[in-house]
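Asker: This is the structure I want to talk about, given as C-alpha cells.
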Amino acid sequence: MTPTSNLPFSPSTAPLGAHSAPVCKHETANVMLRRSDNLGRPRAFINAGKIEDESGKLVTAEVQDGKEHTPANAEARFAKLVTGNARWHGPEEPEGEHLIGFDTVSEQLRFTPGQTPSEGVDLTVIQGERKAKAIHLPPPVIINLREEVPAPEDLLTDEQLDYFRANGNNALVFMHGYNIPHGAWGRLEWHSQSASVWQDPQTVNDEYLNGAGAHNWAVHLEYQLNRAAGFDGENWTPYSRIINISWPGDTSSTDFIQAELKAMASGRRLAPLLLQLAAAGIAINLLSHSLGARVALTALNILGTIGKRDLVEHLFLWQPAVADNALTNDSSRDVHPLGLGVFPAANSAARKIVVLHSRGDGILGADNSKDEALWRKALSFKHPLATTAWIAATADDSLDDIAGYFRGAYDKKWWSFPSYLNFGFGPAVEKLYKDYLPLRFEAWMTAHPQRTLATPKALKQTVQENWTRLEKNILTEANALWQPCIDCLRNGERPSDYTLPAPLNHQASVSPEVAKDYVLRLKKLAGNNWVPEQRPRPALGYVGFNEVAGERAGLFRDRFIENKLFDESWLATDQSKWLFSHSGMRIPSEEVFDRSYRAEIIRRISDGGVDFGRY
C-alpha cells in the first residue's frame, strides 16, 4: 500500500543537518588550523590531515608549500565545511613529534603522546571561520658521536638552539655509560609510529615501547628528570627535551680499556657543542652515568685548559667509572701507567660538581681481597669458564650480569679483558699499535725453531726498529697537532683526534714534552709485560671521595679535593642506602627518584638559580 498525501508538494527525503535543516541548504564555513610546538612557536604543516564535516564529507586543507617554521607555513585552511559537528583526523606525526594538545577559543584538549583518539578530534564548525591550534612536542635531540661525520653535525641546529633559548634558556646534556649500543626509538603502544617519549610498559615489553640502547636511556632519563621537576604525567605542555649524547662505548662487554679511549675521543667532539651552547647564552648542566663521566670530564678538561672557566653550571657524575682522584688538579697523583687517570683542569670549567656514589654498586666495587680472589679464581686455568660463558650468553646486559656475579669489574679493568688469561694492557696496546708489532722481545718465541724463523738477535733488532719508528711517529703527530688543536678549540671548532697518542685525547693538545713522557711510560709498561706496577684507584662512583679526603685518606689525601668539598663547590651524595645496582637510575625505585633525581639533581639545579626547562 502506497501512502498518499493531500499536500500540494512532495516532502524532501534529504538528511537533516545540525539545526534541523536539510544539509543542502546548510551554511558552509572554514576552519583555520594552526600548528605549534609546546612553546607556542609555529611548526610547518606538510600534511594537515582531513576534517570530516557534519555531512560526512572529508575535506583536505590548503597549506603553504614550505618547510620552514614560519607563521604562514604553520597554517592550514579547510574550506567549505558544513557547519555543525566535525572531526579532525590528523596526519601521521612527523618523526619524533607527538600531538599533545588541541585548542579552540572555547575548549582546550590535552593528550598523552600516542593516545590521541583514533576516531579523531571533535570540533564544531561555526559560521565564518573556526580557529583551532594543534600542539606538538618538538622532536628529541640526540647527538650521535659514533659516526665519522663533518664537524657541524656534532652541533645543534639553529632550530634546536632556538628551542633551548625559548625553553627557559637552559639545557641539560646527558651522557650514557659503558657497553650501550646506539639502538633505536620504540613504538607507540597504539600505533606503529616511533616513540621518543616514555610509555608505561605494564603489558608491553619496555624495549618495544621505550626503545633500545642509547635511545632507551634517553627516553627514561628525560622522563624522570621532567617528573622530578614537576611534570604531572598528564599535561605534556611543559615537558622539556634534553640533549642526549650517544657515544661508542660498546666496544664489547668486557673491553673496558678500549671503551676508555673511545670515551676520550668522544669528549673531544663534545667540547665544541658546549662552546656553542655557552656562546648562545644557554645555561648548561651536564649529567653523566658510569663511563660517560670520562666523556664529560674530557670535554671539561679540554675547555678548562684553554681558560673556559665556569662554562657549566653543574656537572653531575652519577656512579662515575673514573678514579676517585680523577678531579684532582695535580697530575702527579695519577697512578694510571699511561697518564689518563686524572683531569686536572676539568674542575675549573664547572661551577658546581655533584658526585652520586653507592657501595651497593656491584660493577664499580667491591674492592677487597675476598672479591679479588674470586675474580682471579674465576678467570684462571683451573676454573672452568662455563658459568661465565653461560651468564654472558643469556644476560640482557652482559657486563652488568658478569661483573655483578663476580662482584666488581672496575677495579679489575687492568686485567685486560676480554683476554681472560693475559692480564695487563697487552691486548689494548697491541690493538692500538698493531702496525708496530712486536714491541716486546720474549724468549719463548725462539725456543722452538718451528714456531718462528727469527733469531734472538734479529727479533731484538726488529723490536728496537719498531720502537724507533713508533716514537718518531708519535712525536711527529704531537708536533703537527699541538698548536692547531688549541686554535680549533678557541674558534669553537672540533679539534683533531690523536691516533698514536690516543690515550692522551683527554688533553686539549699534546706538547712534544708530554709526547716524550708518554713514550717513556709506554716503554716502561712494555718492559713489565704490559702489567701496571700499581693497582687502579677505586672508582669514584663506588667510594666517593672517602679515600682521598680526610685524615683517614693516608698517602692519597688530596688537599685540593678537601678544600672543594669544604667550600661546597663540590658535593658528594652517598646513595648506598637506596641505590643497589649500577644502572638503578634508568628505571628508578621511588626512593631513588625522590632522593637522587628530585633532591640531588633537580633541587640543586634550582638552588643554583638555573631552571630545568620552564619548570
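Any read-out appearing in this document is the output of simple, stated calculations on the displayed coordinates, not a laboratory observation. Bear in mind the structure is a predicted one, so any value in this text is a computation, not a measurement. Here Cβ is always computed from backbone atoms with ideal geometry, including for glycine, and neighbour counts include all displayed protein chains.
Asker: Run the numbers for residue 483 and residue 524: contour at 0.36 nm per residue of separation, minus the present Cα-Cα distance, in nm.
Answerer: 11.9 nm
Asker: Over the range 23-137, how many pairs of lysines fall under 19 Å by alpha carbon, counting only those 8 or more apart in sequence or from different chains?
Answerer: Qualifying lysine pairs in the range 23-137: 9.
Asker: Which one, 530, 495, 481, is farthest towards the positive end of the dipole of the range 433-531 when Lys and Arg carry +1 and Asp and Glu -1 on their Cβ?
Answerer: Sorting the options by dipole projection puts first 530.
Asker: Rank these for me by crowding, 190, 318, 236, going from fewest to most other beta carbons within 10 Å.
Answerer: Fewest-to-most Cβ neighbours within 10 Å comes out as 190, 236, 318.
Asker: Quickly work out the residue 496-to-residue 32 label distance, labels modelled 7 Å from Cα along the C-beta direction, and quote it in nm with one decimal.
Answerer: Modelled inter-label distance: 5.8 nm.
Asker: Measuring from centroid to centroid over Cα atoms, what is the spacing of the range 507-560 and the range 304-335 in Å?
Answerer: 14
Asker: Arranged by the count of other C-beta atoms within 10 angstrom, fewest first, what order do 606, 240, 192 take?
Answerer: Starting with the residue having the fewest Cβ neighbours, the order is 192, 606, 240.
Asker: Turning to a different aspect of this structure: In this model, which of 431/516; 413/523; 308/564; 262/413; 413/516; 413/577 are farther than 23 Å apart at the alpha-carbon?
Answerer: The pairs that break the limit, which is 23 Å between Cα atoms, are 413/516; 413/577.
Asker: Suppose we look only past 24 Å in the calculated P(r) of the range 23-137. What percent of the Cα-Cα pairs does that tail hold?
Answerer: Percent of Cα pairs beyond 24 Å in the range 23-137: 20.
Asker: What's the long-distance tail for the range 193-327, i.e. % of Cα pairs beyond 22 Å?
Answerer: That fraction is 46 percent.
Asker: Taking the Cα centre of the range 433-531 as origin, sum charge times position over the Cβ atoms of Lys and Arg (+1) and Asp and Glu (-1), and report the length of that vector in debye to the nearest 20.
Answerer: The calculated dipole for the range 433-531 is roughly 460 debye.
Asker: Okay, moving on. Using mean Cβ contacts within 10 Å as the protection proxy, how do 258-271, 478-491, 588-601 order, highest first?
Answerer: 258-271, 588-601, 478-491
Asker: To continue, here is another question. Run the quick spin-label model on residue 159 and residue 476: label points 7 Å from Cα toward the beta carbon, then report their separation in nm to one decimal.
Answerer: Using points 7 Å along Cα→Cβ, the separation is 4.5 nm.
Asker: Residue separation times 0.36 nm, minus the C-alpha to C-alpha distance between residue 457 and residue 571: what's the value?
Answerer: Computed gain between residue 457 and residue 571 is 35.3 nm.
Asker: Order of 513, 562, 159 from fewest to most other C-beta atoms within 10 Å?
Answerer: So the residues, fewest neighbours to most, are 513, 159, 562.
Asker: On to the next question. Calculated FRET efficiency, residue 594 and residue 335, Cβ-Cβ r, R0 22 Å, to nearest 0.05?
Answerer: Calculated transfer efficiency: 0.05.
Asker: Name the GluC sites (Glu not before Pro) in the range 31-95 that are in a loop by DSSP and that have at most 14 other C-beta atoms within 10 Å, would you?
Answerer: In loop regions of the range 31-95 (DSSP not H, G, I, E or B), the sparsely surrounded GluC sites (Glu not before Pro) are 68, 92, 95.
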